[in-house]
Amino acid sequence: MKYGYFDDINREYVITNPRTPWPWINYLGTNDFFSLISNTAGGYAFYRDAKFRRIMRYRYNGVPMDAGGRYFYIKDGDTIWNPGWKPCKTELDAYECRHGMNYTQIKGDKNGISATTLFFVPLGINAEVTKLTLTNNGNQPKSIKLFSFIEWCLWNASTDMENFQRNFSTGEVEIHGSTLYHKTEYRERRDHYAFYHVNAPIQGFDTDREAFLGIYNGFDTPQVVEAGKPSNSVAHGWSPIASHYLEITLQPGETRHLVFVMGYVENAQEEKWESKGVVNKTKALEIINALDTTEKVDEKFAELKRYWDNLLNKFTLSGTDERLARMANIWNQYQCMVTFCFSRSASFFESGIGRGMGFRDSNQDLVGFVHQIPERARARIIDIASTQFPDGGCYHQYQPLTKRGNNDIGGGFNDDPLWLIFGTVAYIKETGDTSILSEQVPFDNQPGSEVSLMEHLKVSFDHVIYNLGPHGLPLIGRADWNDCLNLNCFSNDPNESFQTTENKTEGSKAESLMIAGQFVVCGTQYAELCDYLGDHDEADRARSCVKEMEEAIKKYGWDGDWYLRAYDYYGRPVGSHTNEESKIFIESQGWCTMAGVGKDEGMVQKSLESVKKYLDTPNGIVLNYPAYSKYIIDYGEISSYPEGYKENGGIFAHNNPWVIIGETVAGNGDRAWEYFSKICPAYTEEHSELHKVEPYVYCQMIAGKESAKPGEAKNSWLTGTAAWNWYAITQFILGIKPGYTGLEISPCIPKEWPGFTVNRHFRGADFEIKVENPHHVSTGVKSITLNGEKLTGNVIPTQPAGSKSTVIVEME
Ligand code: GLC
Ligand code: GLC
């Protein structure tokens, strides 16, 4: 069953039934001011940091769920309704939600009135705008009463929902004409406030939640709306809100536009006040003036559209199935932008208060984003590298507001350092900008500790080789990519987090085959980079370390039919046929096949066959099999999940592309495609009622074959799945790989494809790349012509900026 459809021309997903199986959300904002918005206008806004600068209050895990948002109540006679259906849930005559590129438009019709709400964050402005369009479609004049509504968060989203003994006394507002100011805590250390404005005179307002709703009412029955009369309440403490009241009469056929602006302002300490106790509103007025007419708002909206046209024109695919094209050209790239902005901090599965930016997560996100805005990727790499320690270890997370490493979680995840190589190499290959390597970057943000970024890459590489275990394989530390395989925790206290509990690495023999495979991939990348820079000695050193790692994997990491997953604290194998449960894991199969370890000995092919046999399902590839059926203290959190969920036998969509890429290394284009299409959201749209989450973005996890509900998905949006699938489809299936000197072409496609065309913007030049597959093969390039000239080899050399080239690729 479907709840809507893709509108590819407008780059929108159109939801036609508000009762989606879960709120289907979208993200507004590209730089500093961000919002999450559901298909019924639920969600919240924040400035930069979802924990420390939360603007709208949101209740997680509420009943009913997704309560709170930017609501408009229309009182038309005795009928009260919302254009987004919720919170009143009055049956609408028509409903439609269009989630587009950083905007959402929700339209509701009721009793002859149609109300369209267009939400977006204009470029360069710290505000969320709503353009509300009201039309009277009937043949009688209509007089309606309109109430806007948002609830303020008292800035720190965490203490906002905990520290009531204080919070209930701090709320402060100011009311000036049609602008309602939220200046809670501005009197003391805060240098920022928020406001909610409408570009028309109002006939009343409310700023106190209890006055607006009534103490026993929910958002669906606000007492002032029911009474049809605002109470002009002024909040002192408790829960400040902002609600405008407008009386509107529409003649038959008349349309009226209103612009609502929810803005955020920071003032320097010495400029905080206009007069004693009165907020300096200069900057708020600037925002308001920039958006005070429908024309100005329309122009800002057109600008946002142009911004996305420009971003998405850098890579377009045609000539394949339309579902693939819509993912590659629109939604996958869009999701990569969102994960780049948010890492794993704020979604409807991540509360925005738990996690900052992940070290490994953000490096992976870069790979899906770097072609869009390379300058932002560059700045991000420097921020990430600045949280590294001198020995190459890293803070696992950092806070976006302060850019400081997060002490609560600390470090010790031994895969982390390698991701810095992975992210940086992707940046340089896309841009050719090796100057980033000479940037002086501190360790742990300590001034005076700066070394070049290249040195950071070196300590990243060395961190692995200085931390090898008894088999010459990398020690796992607190965990590797799989945060839940905790081989050094031994936790038996339900009150402690596996992520932060004491990590008993002293004397541990726990080694990771995932890091081993990753080291072969990223270590080789490091060696190639050194060669490219002319440092052949360092390249040779790196290559010999990689060679030794490959030998160690082949000798101690092979279980007979697949790669082992790890050795535990005591040196016993994990992910082996000798184990009672979880005999095989995906991560080491993915990384070691990607790295091609033991390819000549048949290991790659055998490992991939074992994945097919034991891990593949109709909904994707599960992480491990059989799932753990009981808690095992030696393995930690992985065995805490019921079978088939999350890291215990779930389809962790993030690592499916590792196998997909592994299949391309083995030349199996059909298999790679089969796996790709199983988890690609546009291909699961038809069973949205089972899948549950948005059909336009990847999710982190789909319940596995041993779960109660195989195929049911969770944790949509913020997942490395977006970047990894982008990487897999563009660079390994379509096979267009940015390299140091040009674009390497090596497709690995399903045999039935007759070919495809990609328009690729690369280092300032445009390429139209037509791949023809007349003999229906998966791999093998017979010839490439660049502007009619035959090339030797399969690398299209970099072309002058501004040039346009046509490339014809003929497969064998
Ligand atoms: C989550 C984390 C990621 C981790 C993965 C597997 O997605 O964000 O860092 O690698 O889970 O545990
Ligand atoms: C839990 C999740 C995992 C996540 C980790 C860190 O263990 O299962 O996916 O990476 O928490 O937040």
**OP:** Check whether at least one residue in segment 679-686 is open to solvent by 10 Å² or more (accessible area, probe 1.4 Å), at positive phi and away from ligand 2 (no atom under 15 Å from the Cβ), and report yes or no.
**Re:** no
**OP:** Considering each residue of segment 690-705, count those that are in contact with a strand residue (DSSP E or B) (Cβ under 8 Å, 6 or more places away or on another chain) and more than 14 Å from ligand 1 (Cβ to nearest atom), and give that number.
**Re:** 10
Original post:
Ser362 fails exactly one of the following numbered conditions: (1) part of a helix (DSSP H, G or I); (2) hydroxyl-bearing (Ser, Thr, Tyr); (3) more than 14 Å from ligand 1 (Cβ to nearest atom). What is the number of that condition?
Top reply: (3)
Subject >> Among (1) among the polar types (S, T, N, Q); (2) more than 16 Å from ligand 1 (Cβ to nearest atom); (3) at pLDDT 95 or above, the one test that Gln518 misses >> reply: (2)
Subject >> Which listed residue, of Pro774, Pro750, is in a loop (DSSP other than H, G, I, E, B) and open to solvent by less than 10 Å² (accessible area, probe 1.4 Å) >> reply: Pro750
Subject >> Selection from segment 356-385 of residues that are small (Gly, Ala, Ser), out of contact with any Phe, Trp or Tyr (no Cβ under 8 Å at 6 or more places or on another chain) and more than 16 Å from ligand 2 (Cβ to nearest atom) >> reply: Ala379, Ala385
Original post:
Within segment 665-714, can you find the residues that are more than 16 Å from Trp24 (Cβ to Cβ), in contact (Cβ under 8 Å) with a residue 40 or more places away in the chain and among the basic types (Lys, Arg)?
Top reply: Arg671, Lys678, Lys705
Subject >> Within segment 604-629, tally of residues that are open to solvent by less than 20 Å² (accessible area, probe 1.4 Å), in contact with a strand residue (DSSP E or B) (Cβ under 8 Å, 6 or more places away or on another chain) and at negative phi >> reply: 11
**OP:** Would you point out which residue out of Ser449, Ser438 is within 30 Å of Lys737 (Cα to Cα) and at pLDDT 95 or above?
**Re:** Ser438
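Going through segment 698-747 one residue at a time, which ones are open to solvent by 10 Å² or more (accessible area, probe 1.4 Å), in a loop (DSSP other than H, G, I, E, B) and more than 16 Å from ligand 2 (Cβ to nearest atom)? Outline the logic, then answer.
If we filter segment 698-747 for residues that are open to solvent by 10 Å² or more (accessible area, probe 1.4 Å), which is where we start, we get 700, 705-710, 712, 714-715, 726-727, 731-732, 737-741, 744, 746.
Narrowing further to those that are in a loop (DSSP other than H, G, I, E, B): 705-710, 712, 739-741, 746.
Scanning segment 698-747 gives Lys705, Glu706, Ala708, Lys709, Pro710, Glu712, Gly739, Tyr740, Thr741, Ser746.
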Original post:
Could you list, in sequence order, the residues of segment 565-595 that are in a loop (DSSP other than H, G, I, E, B), within 31 Å of the chain's Cα centre (by Cα) and more than 22 Å from Gly469 (Cα to Cα)?
Top reply: Ser582
Original post:
Any chance segment 56-63 includes a residue that's in contact with a Cys (Cβ under 9 Å, 6 or more places away or on another chain), open to solvent by 10 Å² or more (accessible area, probe 1.4 Å) and farther than 17 Å from Asn102 by Cα?
Top reply: yes
Subject >> From Phe315, Phe349, residue being out of contact with any Pro (no Cβ under 7 Å at 6 or more places or on another chain) and within 16 Å of ligand 2 (Cβ to nearest atom) >> reply: Phe349
**OP:** Could you tell me whether segment 543-559 includes any residue that is closer than 23 Å to Asn488 by Cβ and of a type in the set (Gly, Ala, Ser)?
**Re:** yes
Original post:
How many residues does segment 260-289 contain that are more than 17 Å from Tyr47 (Cβ to Cβ), part of a strand (DSSP E or B) and in contact (Cβ under 8 Å) with a residue 12 or more places away in the chain?
Top reply: 2
**OP:** For residues that are more than 16 Å from ligand 2 (Cβ to nearest atom) and open to solvent by 10 Å² or more (accessible area, probe 1.4 Å), tally how many sit in segment 634-673.
**Re:** 9
Original post:
Restricting attention to segment 232-259, which residues are within 38 Å of the chain's Cα centre (by Cα), in a strand (DSSP E or B) and over 23 Å from Glu128 (Cα atoms)?
Top reply: His236
Original post:
Of the residues Gly392, Gly411, which single one is part of a loop (DSSP other than H, G, I, E, B), at negative phi and surrounded by 23 or more Cβ atoms within 10 Å (Cβ to Cβ)?
Top reply: Gly411
**OP:** Filter segment 184-199 down to the residues that are in a strand (DSSP E or B) and open to solvent by less than 10 Å² (accessible area, probe 1.4 Å), then identify the one that is nearest to Asp292 (Cα to Cα).
**Re:** Val198
Original post:
Considering only residues of segment 290-344 that are closer than 20 Å to Pro374 by Cβ and assigned to a strand (DSSP E or B), which is least open to solvent (accessible area, probe 1.4 Å)?
Top reply: Phe315
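The values are calculated or read from the model by the stated rules, or taken from the named source; none is laboratory data. On a predicted model such as this, the values are computed, not experimentally measured, just so you know. Virtual Cβ from ideal backbone geometry, glycine too; neighbours counted across all protein chains shown. The protein model used for the area step is the full one, side chains on, heavy atoms only, and it has no ligands, DNA or RNA in it. Shrake-Rupley method; radii C 1.70, N 1.55, O 1.52, S 1.80 Å.
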